Amino acid sequence: MRDAGAIVAKVLSKLKEIAEPGISTLDLDEVAFGMAKEAGADALFRGVRSPHAKKPFPGAICASVNHEVVHGIPSADCILKDGDILSVDFGVRLNGYCGDSAVTIGIGKVGPERQKLMDVTSHMLEIAVQECRPGVLWSQVAGKMQKHAEKAGYGVVRDFVGHGIGTEMHENPKVPNFVSRELLGDDIMLAEGLVLAIEPMVNVGTHSVRTLPNGWTVVTADKKSSAHFEHTVAMTKSGCDVLTSA
């Protein structure tokens, strides 16, 4: 999984370098797919099916712009502009094991509101990495993440959460970025050997989202901006090991 994570980190670092005004999200997708193929890995998202969509997901990356939260479909018609923010989610399978990570990238000169959103969401992920270790309940981690976002006045997305990951992209347990009655009733004790994809998704306004008619792209209900960061992390004796760090 560490090898898969290293490929994911390398691809996302490359996309951060080349994502600029005038480039399309399909251009970025082609770079990501080519790098994965060259590394001998399979693009994890391409071909995934959803009960809500007629067609399988066509991209190697999810490319979600501004008020798009997750699962944005790469397109030649989606040309990035100065001031946009782009959430890129990318994963691979290598020798049977998965790695999954996401980053929100500022395109050109980003305004202060969107920059603050990215900073707060990125720090939520840092909080999780700092707090995760064997013997800790996930609700304790999620509570600190949620508090950080809501203190800034933001909405933490409820409809999509983090997850276990291993030989499959989505495995148990589900790990929300907020505390709910459901989580407290069936909490998760972090244990050595558990590997999670932790992925806070945060909106400037309401936490509510909706899915577009294509069955994939999720957008904020109020059309305000959203940010998304993710790492694949392993619980070890000494704490938390990030497998998708650059």
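The values are calculated or read from the model by the stated rules, or taken from the named source; none is laboratory data. Predicted model only: the values in this text are computed from it and were never measured. Note: ideal-geometry Cβ built from the backbone for every residue, glycine included; neighbour counts use all protein chains shown.
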- Item | Qualifying residues in the range 68-104 (those that are under 21 Å from L243 (Cβ atoms) and of a type in the set (V, I, T)) - the one surrounded by the fewest Cβ atoms within 10 Å (Cβ to Cβ) | V70
- Does the range 132-149 contain at least one residue that is more than 24 Å from R181 (Cβ to Cβ), surrounded by fewer than 20 Cβ atoms within 10 Å (Cβ to Cβ), without any contact (Cβ under 8 Å) to a residue 24 or more places away in the chain and in contact with a strand residue (DSSP E or B) (Cβ under 8 Å, 6 or more places away or on another chain)? no
- Message: Which condition from (1) assigned to a loop (DSSP other than H, G, I, E, B); (2) in contact with a Lys or Arg (Cβ under 9 Å, 6 or more places away or on another chain); (3) without any contact (Cβ under 8 Å) to a residue 24 or more places away in the chain is the one that P213 breaks?
- Response: (2)
- Message: Condition first: outside any loop (DSSP other than H, G, I, E, B) and among the acidic types (D, E). Can you find one or more residues in the range 69-87 that meet it?
- Response: no
- Has the range 198-209 got any residue that is of a type in the set (G, A, S) and surrounded by 21 or more Cβ atoms within 10 Å (Cβ to Cβ)? no
- Message: Looking at V65, V110, can you tell me which residue is touching a residue at least 40 places away in the same chain (Cβ under 8 Å) and either surrounded by fewer than 20 Cβ atoms within 10 Å (Cβ to Cβ) or touching a strand residue (DSSP E or B) at 6+ places or on another chain (Cβ under 6 Å) (or both)?
- Response: V65
- Task: Take the range 123-179 and flag every residue that is touching a helix residue (DSSP H, G or I) at 6+ places or on another chain (Cβ under 9 Å), of a type in the set (S, T, N, Q) and in a loop (DSSP other than H, G, I, E, B).
- Result: N177
- Can we say L183 is within 23 Å of A149 (Cα to Cα) and touching a residue at least 12 places away in the same chain (Cβ under 8 Å)? yes
- For the subset of the range 216-228 comprising residues that are assigned to a loop (DSSP other than H, G, I, E, B) and at negative phi, which member is surrounded by the most Cβ atoms within 10 Å (Cβ to Cβ)? S225
- Task: Please work out which one of (1) over 24 Å from S50 (Cβ atoms); (2) over 19 Å from the mean Cα position of the chain (by Cα); (3) exposed (fewer than 14 other Cβ atoms within 10 Å of the Cβ) is the condition D187 fails and give its number.
- Result: (3)
- Name the pairs: first residue in the range 30-57 and over 21 Å from I165 (Cα atoms), second residue surrounded by fewer than 17 Cβ atoms within 10 Å (Cβ to Cβ) and of a type outside the set (K, R), Cβ to Cβ under 7 Å, at least 6 apart or on different chains? V31/I18; H52/G215; A53/N214; A53/G215; K54/G215
- Task: Output the residue which, of all residues in the range 7-35 that are small (G, A, S) and not in a helix (DSSP H, G or I), is surrounded by the most Cβ atoms within 10 Å (Cβ to Cβ).
- Result: A19
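Quick one: would you say H231 is surrounded by 23 or more Cβ atoms within 10 Å (Cβ to Cβ), modelled with pLDDT of 95 or more, touching a strand residue (DSSP E or B) at 6+ places or on another chain (Cβ under 8 Å) and not hydrophobic (A, V, I, L, M, F, W, C)?
yes
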